[in-house]
Amino acid sequence: MSLALSGKLALITGAGRGIGRAIALRLADDGARVIVHYSVSGEAAEELANKINAARPGTARTVRADLSTLAGVDALAAALAPGEQVDILVNNAGLQVDGDGIETIGEADFDLLYAVNVKAPFFLTQRLLDRIADNGRVINISSGLSMVAHPDKIAYGMTKAALNAFTRSLAKVVGPRGITANAITPGVVATDMNPWANTPQGAEALSGSSALRRVGRPEDIANLVAILAGPDSQWSTGAVIDASGGTNI
């Protein structure tokens with residue numbers, strides 16, 4: 001525990017499970033207070049907040065909001081207390097759908113992907129611009145699929161590529177206030193979103209495509225978020241950082 005983030009407030013979307021959960025735990029371990037956002041993983045989010053608060057009482061709280069709608073985005077932004085500022089905004093919440101090829105995806109699923117993966121982080125950041133503290137951090141969790149061709153996940157990859165573009169332009173907008181904006185592009189991480197990665201066959205296949213010869217873990221991404229959130233990353237902004245263990249290089 002470094003406590004490098006002592007006194008900071010972090011808002012992590014989609015923090016009830018998977019990568020978001022690992023990020024909340026790591027930032028709390030580094031001394032930050034955390035807002036654990038969730039949409040449907042209420043029980044998991046409350047368990048996480050209780051775990052964090054058991055170690056440091058009053059450190060974590062949960063907020064439910066459906067980020068597929070602007071009303072949900074507004075509800076999450078409104079959950080801040082009057083005068084409360086966010087030091088670290090982690091736009092982690094994301095969605096995948098089945099049948100994500102150009103021949104198979106329908107308009108409803110396409111719109112849902114863009115609502116959660118692009119529209120929500122854009123408008124949440126917009127709503128919070130004057131609530132993000134000077135010298136704060138915006139960290140967007142993108143995907144390695146934004147950087148490579150994957151015909152079976154074409155729409156999902158498009159949404160994450162849009163998030164990368166948003167990150168670069170946002171860095172220019174918030175830079176004069178000392179705020180940095182960066183994106184992280186994980187490869188396949190062993191979470192419940194990718195259950196096949198937890199099988200022996202899946203782990204073997206993924207390990208073979210990684211330069212580091214193993215499957216990514218949520219903690220791998222959380223550790224990189226912690227670096228970007230900390231005081232030593234003040235000169236890195238507008239970056240899209242690979243966090244795939246050297247997959248596809």
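Quick check: anything in the stretch 133-152 more than 23 Å from ALA239 (Cα to Cα), in contact (Cβ under 8 Å) with a residue 12 or more places away in the chain and surrounded by fewer than 17 Cβ atoms within 10 Å (Cβ to Cβ)?
yes
Would a scan of the stretch 176-191 turn up a residue that is loosely packed, with under 14 Cβ neighbours inside 10 Å, modelled with pLDDT of 85 or more and of a type outside the set (D, E, K, R)?
yes
Here are some residues: GLY31, GLY42. Which one is out of contact with any Phe, Trp or Tyr (no Cβ under 9 Å at 6 or more places or on another chain), surrounded by fewer than 22 Cβ atoms within 10 Å (Cβ to Cβ) and on the phi > 0 side of the Ramachandran plot?
Exactly one residue qualifies, and that residue is GLY31.
Being small (Gly, Ala, Ser) and closer than 20 Å to VAL138 by Cβ narrows it down to one of ALA55, ALA49, ALA77, ALA44, so name that one.
Result of the check over ALA55, ALA49, ALA77, ALA44: ALA77.
Hey, among ALA197, ALA222, which residue is under 27 Å from ARG137 (Cβ atoms) and either in contact with a strand residue (DSSP E or B) (Cβ under 8 Å, 6 or more places away or on another chain) or at pLDDT 95 or above (or both)?
ALA222
Can you tell me which residue among ALA55, ALA49, ALA60, ALA65 is among the aliphatic types (A, V, I, L, M), more than 15 Å from the chain's Cα centre (by Cα) and surrounded by fewer than 18 Cβ atoms within 10 Å (Cβ to Cβ)? Before you say what the answer is, go through the steps one by one.
Values: ALA49 fails: surrounded by fewer than 18 Cβ atoms within 10 Å (Cβ to Cβ); ALA60 fails: surrounded by fewer than 18 Cβ atoms within 10 Å (Cβ to Cβ); ALA65 fails: surrounded by fewer than 18 Cβ atoms within 10 Å (Cβ to Cβ).
Going through ALA55, ALA49, ALA60, ALA65 in turn, the sole match is ALA55.
Among the residues of the stretch 151-192, how many are in contact with a strand residue (DSSP E or B) (Cβ under 8 Å, 6 or more places away or on another chain) and part of a loop (DSSP other than H, G, I, E, B)?
6
Do you know which residues across the stretch 202-213 are at pLDDT 70 or above and exposed (fewer than 13 other Cβ atoms within 10 Å of the Cβ)?
Those that are at pLDDT 70 or above and exposed (fewer than 13 other Cβ atoms within 10 Å of the Cβ): ALA211, LEU212, ARG213.
Out of LEU80, LEU128, LEU89, report the one residue that is closer than 28 Å to GLY7 by Cα, crowded, with 16+ Cβ neighbours inside 10 Å and over 18 Å from the mean Cα position of the chain (by Cα).
Result: LEU80 is the single residue among LEU80, LEU128, LEU89 that is closer than 28 Å to GLY7 by Cα, crowded, with 16+ Cβ neighbours inside 10 Å and over 18 Å from the mean Cα position of the chain (by Cα).
Do we have LEU5 as assigned to a loop (DSSP other than H, G, I, E, B) and at pLDDT 95 or above here?
Spelling it out, LEU5 is indeed assigned to a loop (DSSP other than H, G, I, E, B) and at pLDDT 95 or above.
Report, by residue number, each residue of the stretch 127-149 that is under 16 Å from ASN182 (Cα atoms) and part of a helix (DSSP H, G or I).
Listed by number, the residues that qualify are LEU129, GLY144, SER146.
Residues in the stretch 136-153 that are at pLDDT 95 or above and over 24 Å from VAL225 (Cβ atoms): how many?
Summing the residues that are at pLDDT 95 or above and over 24 Å from VAL225 (Cβ atoms) in the stretch 136-153 gives 0.
Can you pull out the residues in the stretch 97-119 that are hydrophobic (A, V, I, L, M, F, W, C), in contact with a Gly (Cβ under 8 Å, 6 or more places away or on another chain) and part of a helix (DSSP H, G or I)?
The answer is VAL116, and nothing else.
Would you pick out the residues in the stretch 153-184 that are polar (S, T, N, Q) and touching a residue at least 24 places away in the same chain (Cβ under 8 Å)?
Once the filter is applied, which keeps residues that are polar (S, T, N, Q) and touching a residue at least 24 places away in the same chain (Cβ under 8 Å), the stretch 153-184 yields THR159, ASN164, THR167, THR180, ASN182.
For the stretch 92-117, enumerate the residues that are crowded, with 21+ Cβ neighbours inside 10 Å and without any contact (Cβ under 8 Å) to a residue 60 or more places away in the chain.
Correct list: ASP100, LEU113, VAL116, ASN117.
May I ask you to list pairs of residues, at least six apart or on different chains, whose Cβ atoms are under 6 Å apart, with the first in the stretch 232-249 being in contact (Cβ under 8 Å) with a residue 60 or more places away in the chain and closer than 22 Å to ALA165 by Cβ and the second being assigned to a loop (DSSP other than H, G, I, E, B) and aliphatic (A, V, I, L, M)?
ASN248/VAL148
The values are calculated or read from the model by the stated rules, or taken from the named source; none is laboratory data. Bear in mind that the values here come from a model prediction, so they are computed numbers and not experimental data. Neighbour counts are summed over all protein chains in view; Cβ atoms, including those assigned to glycine, are modelled from backbone coordinates with ideal geometry.
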